[in-house]
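Everything on this sheet refers to the single structure shown next.
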Amino acid sequence: MIEIQELTKVFGQGEASVTALDHVSLTVQTGDIYGIIGMSGAGKSTLLRCLSLLETPTSGRVLLDGRDIAAMSGAALRGARRKMGVVFQGYNLLMQKTVAQNVAFPLKLEKGWQKDAVEARVRELLELVGLADKAAAYPAQLSGGQKQRVAIARALATSPETLLCDEPTSALDPLTTQSMLKLLRDINRKLGVTILIITHELTVVSAICSHVAVIGEGRVAEQGAVETVFTAPQSPVTRQLLNREV
Ligand SMILES: Nc1ncnc2c1ncn2[C@@H]1O[C@H](COP(=O)(O)OP(=O)(O)OP(=O)(O)O)[C@@H](O)[C@H]1O
Ligand SMILES: [Mg+2]
């Protein structure tokens, strides 16, 4: 379970400061597919960066299974990082490395992986994401959807409990979006991975999320079961998002 409590992130100081997150609180249950939706600049990527320990919150806490991640160090911190796979907005692939080398990268950073075991794991992951035939290709030779699949395979390499995906479908056409959502659903069902999806597309949330938090200007406008939030929106931020797509 991931509990985000009163998370605030302020960039810069004084008049030039930007409050990207303003007392954000939400809980993601283990095994859930949880959506975070909001307009551009709402603070979604900042929230993901705070969750994945890439950014230090200004205040507030993130609890992983009841433990404050800010209080962790050494092995506990490495363990927490390992439990969370991140798929960044824009893939962040290593362009000079092949698909297989990209997927192997997180394993190389861990101790105890023999060459054969790495190769077997990479093969397994590329099969899972449907890219077994692209192991030797370079990212520049792939389509956007294929790059996204490589990023997902890489994020899953160390068998995380949670997958954090930032806009996994924003650069994809509707058909490719559907196959990406199917892959994420399979990862959730078959591997039991909790998934947190950041998106600005209502259709993505409706298609695979069971819970959603609507973020507007760094605050949680509302949250709850997707059906409830989308059929009876309480917040103007949600209504605006819904109207935009009617
Ligand atoms: N490193 C930074 N320094 C200063 N301001 C930042 C930084 N990162 C983000 N911000 C600001 O914080 C706010 C939230 O940005 P964020 O990237 O989290 O938005 P987002 O919801 O992910 O948007 P998008 O849908 O466009 O990806 C924006 O106003 C942005 O300019
Ligand atoms: Mg973003």
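Structure data summary
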quantity: When residues of segment 50-63 are limited to those that are crowded, with 20+ Cβ neighbours inside 10 Å and not in a loop (DSSP other than H, G, I, E, B), the one farthest from ligand 2 (Cβ to nearest atom); calculated: Val62
quantity: Matching residues, segment 79-101, being more than 16 Å from ligand 2 (Cβ to nearest atom), assigned to a loop (DSSP other than H, G, I, E, B) and of a type outside the set (D, E, K, R); calculated: Leu93, Leu94, Met95, Gln96, Thr98
quantity: Scan of segment 202-223 for residues that are among the acidic types (Asp, Glu) and either in a strand (DSSP E or B) or crowded, with 19+ Cβ neighbours inside 10 Å (or both), ordered by number; calculated: Glu222
quantity: Residue match in segment 4-14 (condition: within 23 Å of Thr194 (Cα to Cα), away from ligand 1 (no atom under 16 Å from the Cβ) and buried (at least 18 other Cβ atoms within 10 Å of the Cβ)); calculated: no
quantity: Filter result (farther than 30 Å from Ala137 by Cβ and not hydrophobic (A, V, I, L, M, F, W, C)) within segment 61-102; calculated: Arg61, Asp65, Gly66, Arg67, Asp68, Ser73, Gly74, Arg78, Gly79
quantity: Subset of segment 112-169 [part of a helix (DSSP H, G or I), of a type in the set (Gly, Ala, Ser) and farther than 28 Å from Ala42 by Cβ]; calculated: Ala117, Ala120, Ala132, Ala140, Ala153
quantity: Evaluation of Leu47 against (1) more than 11 Å from ligand 1 (Cβ to nearest atom); (2) part of a helix (DSSP H, G or I); (3) in contact (Cβ under 8 Å) with a residue 60 or more places away in the chain (one fails), failing number; calculated: (1)
quantity: Residue in segment 226-236 that is touching a Cys at 6+ places or on another chain (Cβ under 7 Å) and in a helix (DSSP H, G or I) present; calculated: yes
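Since every read-out is calculated from the coordinates, none of them should be taken as a lab result. Model, not experiment: these values are computed from the prediction. Note: ideal-geometry Cβ built from the backbone for every residue, glycine included; neighbour counts use all protein chains shown.
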